[in-house]
């Protein structure tokens, strides 16, 4: 699946969760595993938006999500420019 680039704002969290849902469903993950993965990505996005881009008085950056499914491993890669 192609990477997804989203603005680093709270409104992007649901779109990121849908991206991971499509990827995990396509990989055949069971519902409980898809739910846990969705929660992890929602937490990741929330932390980047609130703590990385949150209160600097500057425009938010972007968040890029990439997903990859191997035989028994599911990778989610996050690329963003939020402050540390």
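The values are calculated or read from the model by the stated rules, or taken from the named source; none is laboratory data. Small disclaimer: the values here were computed from a predicted structure and weren't measured. No Cβ is skipped: glycine too gets one built from the backbone with ideal geometry, and neighbour counts run over all protein chains shown.
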(message) With the structure loaded, tell me whether residue 50 is assigned to a helix (DSSP H, G or I) and under 10 Å from the mean Cα position of the chain (by Cα) or whether it fails that test.
(response) no
(message) Please go through region 1-23 and give me each residue that is surrounded by 18 or more Cβ atoms within 10 Å (Cβ to Cβ), touching a residue at least 40 places away in the same chain (Cβ under 8 Å) and under 17 Å from residue 51 (Cα atoms), ordered by number.
(response) 6, 8, 12
(message) Conditions first: (1) part of a helix (DSSP H, G or I); (2) at pLDDT below 90; (3) over 24 Å from residue 81 (Cα atoms). Residue 29 passes all but one, so which condition is the exception?
(response) (1)
